[in-house]
Amino acid sequence: MAIRVRLFLPTDREALTTLVTRLSAFDLHPWRSADQIDRTNISMLETAMDEASPNDAIFVAEDETTRQVIGFVRLQTQTDYFSGERQGYISNIAVDPSVEGQGIGRMLLEQAEIWAREKGFDRLTLHVFVENRRARQVYEKYGYWQDIIQYIKVDHELKTRNQAYYDKVIARLTARARHIMKAFDYPDEEIPDEFVTSDQVAGVPAPPLEKDIPEGATTLDLPAIDEIQLGQMPLIDVFKKRRSRRVYTDDHLSLDELAYLCWAVAGVHEIGPKEIWTKRTSPSGGARHPFETYLVVQRVDGVEPGIYRYAGLRNQLVLVKTGADFCAQLGEMAMQKFVSNSAVIFIWTVIPYRNEWRYMFTSAKQIPMDIGHYCQNLYLAAESIGAGTCAIASYRQEIVDDLLGVDGKDEFTIYVAPVGKIEG
Ligand SMILES: Cc1cc2nc3c(=O)[nH]c(=O)nc-3n(C[C@H](O)[C@H](O)[C@H](O)COP(=O)(O)O)c2cc1C
C-alpha cells in the first residue's frame, strides 16, 4: 500500500472525526467514559479544523490508491511550564484499526518531528492514558520518555462500575495467559522481526547446564543407577497404581531409593558438545532442562536432615543447609499440612535464562511443560518402590524461595512434590 502524509484538507473532516474515537478504544479506568472522551476530542478537533492556526498543524495519512484517510496527527505549539520554552505537542494521533501495524503511526510521528524541527522546537510532548498500553509501547519504541506522571484519587462509590472495569482486566489477563499457551508466535506489530534475536543466535555463550557446586560445599555421592536394583515393577503395573498420595508412613527411604528417585527425575544420559545441552530421563524443549532439583530431606537413611540440591551431572547431593524441621515449616507455612510428614520433599526451581538463551520469551510456554515431565517421572518412580507423591502447584512462593536461598527472580520455585512410603 502506497501512503502519503499531507496537510489536512477540509474534505478530511468526516474521516478525522471518526478516527479520533480510536483514542478511547482501550480498557478505560472506571472513572473515565469513552463517550465523554470522544465528545471532548471531537469538539477540540472540530475547533482546530475550523480555526487553522499558524502555530498548529494537522497532517493526514492517505492511501494513495483509494484516497482514503487512514490516520492523522494534530500538533500544537505549547510552552513548557518550567522552562517557559516553546515546544511541540501532539494533541491527537490516530490510525485506522484496519491498517494498524503497517508503519502508519511511525510515518505520522516522523511528520510530527519534521514539523517540530521546522518550528525550531527541540522537543515534542504528548499525553497518554496509563491504560493505553498499546499506544505507550509505540511511543516508547520511537524514543518517547515518561516525564510527568499525573496521579488521581477517585471516590470509588460506584462499585458496579469498578467491577465492570476489573472484569475487563481479568478478561485481558486471561487472554494473555491463553496466548502464552498457544504455539510460539508474537504479533509483528509488537516487535518487528529484525529486533528478535535470541542470545544463542547472537553468539552469547550458553549458560551453565546446572548450578555450580560452591567451593568447599559438602557433597554426597549417590549410588550409580546401574548399581541399584530398583524399579523392576512392570510399567503397566506402575501406570495402574499411579495416584496422588497425601498420606505417608513413618518409614525411611533408603539412600538407594533416594538415588533412584533423583535419577528418574533428572538423571543425565548424555552431555552435548561444549556442554550446551543435556539429555536426561525426560524430554525438554531444546534439551535445555532449565531446572534445579532441591530435596528437603527428613527421613532418608544415611542422609542428615536438611536441604540438598541434586547435581545430576555428577550424581551427587550438594548440601544447602542442615536442619530437621524444614518439612514441618513448609507444611505449616507454605503449603498443605500433609507435606509435613513426607520423607523428602522434591522442590524444583527454574532458572529461566537457561531456556530464554535459546527461546527468549516463548520459554513461558515450554518451561511449565518440561517440569510436568519431571514430576510425572517422580510419580512413576515412586509408585514402583512402594512410595508415593503428590504434585503441588499451590505454595507460598516467597517462603519457599527464601528457604532454598534463591533470589526469586533469576531462579525461583516452580513445582513441589512431597514423597513418602505408602501403605499397601
Ligand atoms: C499441576 C498440578 C498441580 C497440583 N497441585 C496440587 C496441590 O497444590 N495440592 C494437592 O493436594 N494436589 C495437587 N495436585 C494433585 C491433583 O489434585 C491430582 O492430580 C488430581 O486430584 C487427580 O488425582 P490423581 O493424581 O490421583 O489422579 C496437582 C496436580 C497437578 C498436575
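Hey, could you check segment 35-53 for residues that are assigned to a helix (DSSP H, G or I) and without any contact (Cβ under 8 Å) to a residue 12 or more places away in the chain and say which is most open to solvent (accessible area, probe 1.4 Å)?
Of the residues in segment 35-53, the ones assigned to a helix (DSSP H, G or I) are 35-50.
With the extra rule that they be without any contact (Cβ under 8 Å) to a residue 12 or more places away in the chain, the set shrinks to 35-36, 39-40, 43, 47, 50.
Working: ASP35: 100, GLN36: 95, ARG39: 151, THR40: 76, SER43: 60, THR47: 62, ASP50: 102 Å².
In this case the residue turns out to be ARG39.
In segment 288-326, of all residues being without any contact (Cβ under 8 Å) to a residue 24 or more places away in the chain and farther than 22 Å from PHE412 by Cβ, the one that is surrounded by the most Cβ atoms within 10 Å (Cβ to Cβ) corresponds to PRO305. Scan segment 315-368 for residues that are over 23 Å from GLN200 (Cβ atoms) and β-branched (Val, Ile, Thr) and jot them down. If the condition is that a residue be over 23 Å from GLN200 (Cβ atoms) and β-branched (Val, Ile, Thr), then VAL318, VAL320, THR322, VAL339, VAL344, ILE345, ILE347 are the ones that fit.
Residues in segment 389-405 that are touching a residue at least 60 places away in the same chain (Cβ under 8 Å), away from the ligand (no atom under 16 Å from the Cβ) and touching a Ser or Thr at 6+ places or on another chain (Cβ under 6 Å): 0 in all. Annotation note: of THR218, THR197, the sole residue that is open to solvent by 60 Å² or more (accessible area, probe 1.4 Å), of a type in the set (S, T, N, Q) and over 33 Å from the mean Cα position of the chain (by Cα) is THR218. Within segment 341-360, identify whether any single residue is over 30 Å from LYS182 (Cβ atoms), in contact (Cβ under 8 Å) with a residue 12 or more places away in the chain, surrounded by fewer than 21 Cβ atoms within 10 Å (Cβ to Cβ) and within 16 Å of the ligand (Cβ to nearest atom), and answer yes or no. Yes, because at least one residue in segment 341-360 is over 30 Å from LYS182 (Cβ atoms), in contact (Cβ under 8 Å) with a residue 12 or more places away in the chain, surrounded by fewer than 21 Cβ atoms within 10 Å (Cβ to Cβ) and within 16 Å of the ligand (Cβ to nearest atom). Residues in segment 362-399 that are surrounded by fewer than 23 Cβ atoms within 10 Å (Cβ to Cβ) and of a type in the set (Gly, Ala, Ser): ALA364, GLY372, SER384, GLY386, ALA391, ALA393, SER394.
Being at pLDDT 95 or above, among the small types (Gly, Ala, Ser), part of a helix (DSSP H, G or I) and more than 16 Å from the ligand (Cβ to nearest atom): is that true of ALA382 here? So ALA382 does not fit the description; no. Number of residues in segment 1-53 that are within 30 Å of ASN162 (Cβ to Cβ), over 37 Å from the mean Cα position of the chain (by Cα) and not polar (S, T, N, Q): the value is 3. Might you let me know whether segment 176-184 holds any residue that is open to solvent by less than 90 Å² (accessible area, probe 1.4 Å), among the small types (Gly, Ala, Ser), under 25 Å from ALA48 (Cα atoms) and in a helix (DSSP H, G or I)? Within segment 176-184, none of the residues are open to solvent by less than 90 Å² (accessible area, probe 1.4 Å), among the small types (Gly, Ala, Ser), under 25 Å from ALA48 (Cα atoms) and in a helix (DSSP H, G or I). Listed by first and then second residue, the pairs linking a residue in segment 409-424 that is outside any strand (DSSP E or B) to a residue that is basic (Lys, Arg) and within 15 Å of the ligand (Cβ to nearest atom), with Cβ atoms under 6 Å apart and 6 or more places separating them unless they lie on different chains, are ILE422/ARG245.
The values are calculated or read from the model by the stated rules, or taken from the named source; none is laboratory data. Treat the numbers as computed from the prediction; the structure is a model and nothing was measured. Please note: Cβ atoms are built from the backbone with ideal geometry, for glycine as well, and neighbour counts cover all protein chains shown. When the accessible area is computed, the model is the full protein with side chains, heavy atoms only, and any ligands, DNA or RNA have been set aside. Shrake-Rupley method; radii C 1.70, N 1.55, O 1.52, S 1.80 Å.
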